[in-house]
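Dropping the structure in here first, questions after.
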Amino acid sequence: MMEAGEKARYIVLFGPPGAGKGTQAKNVSKALDLPSVSTGEVFRWNLNNKTELGRSVEEFLSKGELVPDDLTIRMVRDTLDKPCYAKGVILDGFPRTLEQAAALAAIVSENDGRLQVIFIKVDENVLVERIMGRVVCRKCGKVYHRKYNPPPSPQAPCKAGGMHDLEQRKDDEEEIITNRIRVYNNQTAPLIDYFERGAYLTVVDGCLTIEEVSGAILDGLLEGTEAA
Ligand code: AP5
């Protein structure tokens, strides 16, 4: 339940592939008791479960290209319409284009919410190493890094039952990673200016440890600018 006068919170975790958006979305979600939505995860779920949406997005994910705006915006709108997001949401991976940013601004305004954007800034040379070392549990979806956030021993239980079943993401191949970073620089990075102009943006150093970045994000959300 929302308190009287309380506004729905829309928190965007923004940054290049491998910056730590997904990792931080989980931590911030827990700390603020606010659900998170990862557009990449929703697309991958649909792909793995061979839904109509999954079939429509396959060619884009497999090349590291952006899914077209109309499909992405419709999916996000349908998701955020659900009652579980009435108090707000942490968005991981959305928006990535000016058209998506405008759609989000409309959603925030329709719901009389408030928007805050955290830019997790990481040097480009760190990104590939982060992504190449990432492993994900096929069963519970938990994300690890072989060096920086090592997976548990094979005997450790997975919360989905049995033991963890670790795999590398299909789009975590060097050629596709390079394209994802190129696409980010060309199509998504220009949003930094857009957010700055709207005074929504707080920049956080994403090269710190996972725990330090979480702390900086939570501090940034307390202190940072926010727009009605
Ligand atoms: P998506 O799944 O969003 O991929 P991405 O943006 O490329 O980001 P990643 O998931 O690779 O990285 P991350 O920033 O979440 O980092 P993570 O926390 O995992 O999108 C996939 C595809 O879906 C896109 O290519 C596109 O096709 C489509 N798509 C999605 N959204 C779309 C949209 N809005 N519009 C159109 N198309 C869209 O961390 C990476 C690794 O580093 C992990 O192993 C982690 O353990 C480790 N790590 C994290 N933080 C730290 C730290 N501080 N120190 C050391 N290691 C760390």
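Multiply the residue separation of GLU211 and ASN179 by 0.36 nm, subtract the distance between their alpha-carbon atoms, and state the gained length in nm to one decimal.
Values: separation 32, 0.36 × 32 = 11.52 nm, distance 2.88 nm.
Gain on extension, GLU211 to ASN179, equals 8.6 nm.
Using a cut-off of 23 Å between alpha-carbon atoms, which lysines can reach LYS139, once sequence neighbours fewer than 8 places away in the same chain are excluded?
Of all the lysines, those that pass the test against LYS139 - Cα under 23 Å, at least 8 places apart if same chain - are LYS21, LYS26, LYS30, LYS50, LYS147, LYS159, LYS170.
Cut-off under 13 Å on the C-alpha distance; same-chain residues fewer than 8 positions from LYS121 excluded. Which aspartates and glutamates are left, in chain and number order?
Of all the aspartates and glutamates, those that pass the test against LYS121 - Cα under 13 Å, at least 8 places apart if same chain - are ASP205.
Just to confirm my numbers, what's the Cα centroid distance between the range 39-83 and the range 154-201 in Å?
Using only Cα atoms to place each centre, the spacing works out to 14 Å.
Any idea of the accessible area per residue across the range 97-194, 1.4 Å probe, to the nearest Å²?
On the way: 5460 Å² over 98 residues.
Using a 1.4 Å probe on heavy atoms only, each residue of the range 97-194 averages 56 Å².
Pop out the carbon and sulfur fraction of the accessible area of the chain as a percent, whole number, probe 1.4 Å.
On the way: 6220 of 12230 Å².
With neighbouring chains kept in place, the figure for the chain is 51 percent.
Could you give each residue of the range 24-33 its phi-based ³J(HN,Hα) in whole Hz, using Karplus coefficients 6.51, -1.76, 1.60 with θ = phi - 60°, and x for Gly or Pro?
Each residue's phi maps through the Karplus curve to give 6, 4, 5, 5, 5, 4, 5, 5, 9, 6 Hz.
Taking N as the number of residues in the range 98-228, what value does Rg over Cα atoms divided by 2.2 N^0.38 Å take?
Compactness ratio reported: 1.26.
Working only with C-alpha atoms, what are the Rg and Dmax values of the range 62-172, expressed in angstrom?
Considering the range 62-172 through its Cα atoms, Rg and Dmax are 17.4, 48 Å.
Of all the C-alpha pairs in the chain, what % are more than 30 Å from each other? Kindly include the intermediate steps, with their values, before the conclusion.
Numbers: 5567 of 25878 pairs.
Tail of the P(r) past 30 Å holds 22 percent of the pairs.
For VAL203, which sequence-distant residues (separation of 5 or more, or a different chain) have an amide H within less than 5 Å of its own amide H, given hydrogens modelled in the peptide plane?
Here the answer is PHE119, since their amide H atoms fall under 5 Å of that of VAL203.
The values are calculated or read from the model by the stated rules, or taken from the named source; none is laboratory data. These figures come from a predicted structure and were not determined experimentally. Surface areas here come from the heavy atoms of the whole protein model, side chains and all, with no ligands, DNA or RNA. Shrake-Rupley method; radii C 1.70, N 1.55, O 1.52, S 1.80 Å.
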